[in-house]
Amino acid sequence: MAYKISLNYSTNFDSKKRKKNQIKFIIFHYTGMKSEKAAIKKLTDFKSEVSCNYFVKKNGEIITMVPDLYMAWHAGKSFWKKYQSLNKNSIGIEIANPGHEHGYKKFSNSQIRSLIKLSKSLIKKYKINLKNILGHSDIAPERKKDPGEKFPWEYLAKKNIGIWHNLNKKLLFKNRKTKIDSNQKKIFIKNLIKIGYPIQKSKKLEPYSEKNLKVITKAFQRRFRQNLISGIIDKECLIISHNLAKKFN
């Protein structure tokens, strides 16, 4: 699949080359900065100590900042299933968007078209499992919200990029805001763990931290229930999590 890529290399990467089979994830980010120009400057400035493998501009132009076989610094402290510090096993793609702090916008059609072409190429080249196509908020929910609830995860899944549930929307809406009991809550937590989310153990008597659970529930909703980000676990979330746990397990 042909697409144009320009080069604007960043100095922010590990100099040791990795093996092709180490690349197992694609991580999507938004830049979260007021301007595209400022984002490019930051990602290529050695003082910032952040970078990405690819940058997708508003007009759909793709920039290579760190070649695939070098580890870009995009994920930071991160967890997914048995993996920690996902930089070493992932390709990071930054998409120009001001993000939640600067007037979060819908991603442009040009960006999504380019992202589809780039992602399909990477999936084929590195044999990436569709379950391993994630957002920054999936792997670092305590710190990050990107790419956020306006990112078209459902549409991308239809293009075989990532995973989505296959549930009836009327059924889901019917169960929205319906309270669940403590046993159902435990099932939801187990489903989150099966999917890959990093549930933290509590230091108290409870098996998990309520604060951490709320943050992860929001990350889950930003990804899979995008029109209501409440952090409250309802029956709709439970149904979606059950469907996804089967796919991710």
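Let's see how each residue does on (1) closer than 28 Å to MET33 by Cβ; (2) of a type in the set (Ser, Thr, Tyr); (3) assigned to a helix (DSSP H, G or I):
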site: LYS144; (1), (2), (3): yes, no, no
site: ASN183; (1), (2), (3): no, no, yes
site: LEU192; (1), (2), (3): no, no, yes
site: TYR208; (1), (2), (3): no, yes, no
site: THR217; (1), (2), (3): yes, yes, yes
site: ASN243; (1), (2), (3): no, no, yes
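Each row is one residue, and each column tells you yes or no for (1) more than 15 Å from the chain's Cα centre (by Cα); (2) more than 26 Å from GLY148 (Cα to Cα); (3) at pLDDT below 95; (4) buried (at least 16 other Cβ atoms within 10 Å of the Cβ).
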residue: MET1; (1), (2), (3), (4): yes, yes, yes, no
residue: ARG18; (1), (2), (3), (4): yes, yes, no, no
residue: GLN22; (1), (2), (3), (4): yes, yes, no, no
residue: LYS34; (1), (2), (3), (4): yes, no, no, no
residue: ILE40; (1), (2), (3), (4): yes, no, no, yes
residue: LEU43; (1), (2), (3), (4): yes, no, no, yes
residue: ILE62; (1), (2), (3), (4): yes, no, no, yes
residue: MET65; (1), (2), (3), (4): yes, no, no, yes
residue: TRP80; (1), (2), (3), (4): no, no, no, yes
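With respect to GLY103, determine if the residue is at positive phi, over 16 Å from the mean Cα position of the chain (by Cα) and not basic (Lys, Arg). Break it down into steps so the answer makes sense when it comes.
Working: at positive phi: yes; over 16 Å from the mean Cα position of the chain (by Cα): yes; not basic (Lys, Arg): yes.
So GLY103 passes the test.
Taking the condition of being part of a loop (DSSP other than H, G, I, E, B) and either of a type in the set (Ser, Thr, Tyr) or in contact with a helix residue (DSSP H, G or I) (Cβ under 9 Å, 6 or more places away or on another chain) (or both), how many residues in the stretch 10-46 meet it?
12
Within the stretch 82-95, take every residue that is of a type in the set (S, T, N, Q) and in a strand (DSSP E or B) and give me the one that is modelled with the lowest pLDDT.
Keep residues of the stretch 82-95 that are of a type in the set (S, T, N, Q), which gives 84-85, 87, 89-90.
When the remaining residues are screened for being in a strand (DSSP E or B), the result is 84, 90.
Working: GLN84: 95, SER90: 98.
Per the stated criteria, the residue is GLN84.
Can you tell me how many residues within the stretch 159-176 are modelled with pLDDT under 95 and surrounded by 12 or more Cβ atoms within 10 Å (Cβ to Cβ)?
Qualifying residue count, the stretch 159-176: 0.
Tell me the residue from SER85, SER121 that is of a type in the set (Gly, Ala, Ser), closer than 26 Å to ASN249 by Cα and without any contact (Cβ under 8 Å) to a residue 12 or more places away in the chain, please.
So the residue among SER85, SER121 that is of a type in the set (Gly, Ala, Ser), closer than 26 Å to ASN249 by Cα and without any contact (Cβ under 8 Å) to a residue 12 or more places away in the chain is SER85.
Just one of (1) surrounded by fewer than 20 Cβ atoms within 10 Å (Cβ to Cβ); (2) over 28 Å from ALA245 (Cα atoms) trips up SER51, so point out which.
(1)
Give ILE139, ILE199, ILE189 a once-over and let me know the one that is of a type in the set (A, V, I, L, M) and either touching an Asp or Glu at 6+ places or on another chain (Cβ under 7 Å) or buried (at least 21 other Cβ atoms within 10 Å of the Cβ) (or both).
Values: ILE199 fails: either touching an Asp or Glu at 6+ places or on another chain (Cβ under 7 Å) or buried (at least 21 other Cβ atoms within 10 Å of the Cβ) (or both); ILE189 fails: either touching an Asp or Glu at 6+ places or on another chain (Cβ under 7 Å) or buried (at least 21 other Cβ atoms within 10 Å of the Cβ) (or both).
Testing whether each residue is of a type in the set (A, V, I, L, M) and either touching an Asp or Glu at 6+ places or on another chain (Cβ under 7 Å) or buried (at least 21 other Cβ atoms within 10 Å of the Cβ) (or both) leaves just ILE139.
List the number of the failed condition for TYR197; all other conditions in (1) under 14 Å from the mean Cα position of the chain (by Cα); (2) free of Cβ contacts under 8 Å to residues at least 40 places away in the same chain; (3) assigned to a loop (DSSP other than H, G, I, E, B) hold.
(2)
Can you tell me which of (1) within 20 Å of ILE195 (Cα to Cα); (2) surrounded by fewer than 14 Cβ atoms within 10 Å (Cβ to Cβ) is the one GLU101 doesn't meet?
(1)
Out of curiosity, is GLY92 under 16 Å from the mean Cα position of the chain (by Cα), buried (at least 22 other Cβ atoms within 10 Å of the Cβ) and not charged (D, E, K, R)? Quick ask: steps written out before the conclusion?
On the way: under 16 Å from the mean Cα position of the chain (by Cα): yes; buried (at least 22 other Cβ atoms within 10 Å of the Cβ): yes; not charged (D, E, K, R): yes.
Criteria met by GLY92.
How do the pairs read when you match residues in the stretch 165-192 that are free of Cβ contacts under 8 Å to residues at least 40 places away in the same chain with residues anywhere that are part of a loop (DSSP other than H, G, I, E, B), using Cβ under 8 Å and keeping only pairs 6 or more apart or on different chains?
ILE189/ILE199; ILE189/TYR208
The values are calculated or read from the model by the stated rules, or taken from the named source; none is laboratory data. This structure is a prediction, so every number in the text was calculated from the model and none was measured. Virtual Cβ from ideal backbone geometry, glycine too; neighbours counted across all protein chains shown.
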